[in-house]
């Protein structure tokens, strides 16, 4: 039976969460959708840059406010993280003061006002999508160019100083067990809970059977994902005799050239949502690696809900608890051997049932929305 909650909340998002086609905005959008379905009345505040306002959000929210992000060099002359200071908006704090509802801050990027004295006494929730200073420090290793590397290192230092504002939250929601443990150690006495990422899947849709290609997917403009894709091309895909597909948003010329040098590797740039879902559904193997043990990788959840065999390195699993559902391979030789073994092994109905038993309800959006409601409106 559907649970109707009929409560209100402000949600402050770092970007326009539509379309839900990369990382953090996927978590935000499907959280909006799940809370709306449960009867929560949402007032959404989001920063519009690179993405236009989306009328689809009005279907999920009572009100939607858009704010201009203050980008450019002037927003960088501060000890605050650039990604925080550039989201300073007098209009945002004025709108938050129009009601006394709880405020959910999505990511440290959106937390400029979390410690504002005008919000003293309000219920404030912080959603930690990453341990940001670790994320930026590791991004610096993957980036090309001295200027970008320097910016990432400075931003990591600024985020490490800035994270103390998390103490102003009455509830913090981390996406993995690893992040939860770190935050509990760093903020003893504060309430820190683990809540998996919200995502596009309501049920297990993985198909039994087999196909003939291997897939890596992600937002390819992100340095971490480009690094992983280039590594796979050089050390794994180029040594396989099977078709390999790399799919995602905004690949660089460097990545396109690297893929084009091998006849068995195809790069699909900016596939539609329908095409990406088709690739995820039809791939025989999802080969997913990372060099950053931060957050919970959405591509991993999507692959387990909708794909066939999933091969990962250990860093991809860090703190997720999803180890029993994946094939672990850490070296290129291990990845090649595992792919050669699985390419002709059908995914069985038994494996699909095991995934369902493991992932639901723990990774169900409806279950997570109910947990979030209980924590905000009943426990705090």
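The values are calculated or read from the model by the stated rules, or taken from the named source; none is laboratory data. All of these numbers come straight from a predicted model, not from anything done at the bench. Glycine gets a Cβ as well: all are built from the backbone with ideal geometry, and neighbour counts include every protein chain shown.
With 228, 206 as the choices, which residue is in a helix (DSSP H, G or I) and either buried (at least 17 other Cβ atoms within 10 Å of the Cβ) or at pLDDT 95 or above (or both)?
Working: 206 fails: in a helix (DSSP H, G or I).
It is 228.
Every condition in (1) buried (at least 19 other Cβ atoms within 10 Å of the Cβ); (2) over 17 Å from residue 379 (Cβ atoms); (3) touching a strand residue (DSSP E or B) at 6+ places or on another chain (Cβ under 8 Å) is met by residue 177 except one, and the failing one is (1).
Filtering region 261-277 for residues that are touching a helix residue (DSSP H, G or I) at 6+ places or on another chain (Cβ under 6 Å) and part of a helix (DSSP H, G or I) leaves an empty set. Taking region 47-68 as the range and being on the phi < 0 side of the Ramachandran plot and within 21 Å of the chain's Cα centre (by Cα) as the test, the residues that pass are 47, 48, 49, 51, 52, 53, 54, 56, 57, 60.
For region 40-92, residues that are assigned to a helix (DSSP H, G or I), within 25 Å of residue 376 (Cα to Cα) and in contact (Cβ under 8 Å) with a residue 40 or more places away in the chain total 3. Just one of the listed residues (43, 93) is touching a strand residue (DSSP E or B) at 6+ places or on another chain (Cβ under 7 Å), over 30 Å from residue 247 (Cβ atoms) and assigned by TED's automatic domain parsing to the domain that holds residue 368, and it is 43. The sole residue among 320, 303 that is touching a residue at least 12 places away in the same chain (Cβ under 8 Å), touching a strand residue (DSSP E or B) at 6+ places or on another chain (Cβ under 8 Å) and more than 19 Å from residue 236 (Cα to Cα) is 303. Can you tell me which residue within region 112-127, out of those that are in a loop (DSSP other than H, G, I, E, B) and under 14 Å from residue 9 (Cα atoms), is farthest from the chain's Cα centre (by Cα)? Filtering first and then ranking leaves 122.
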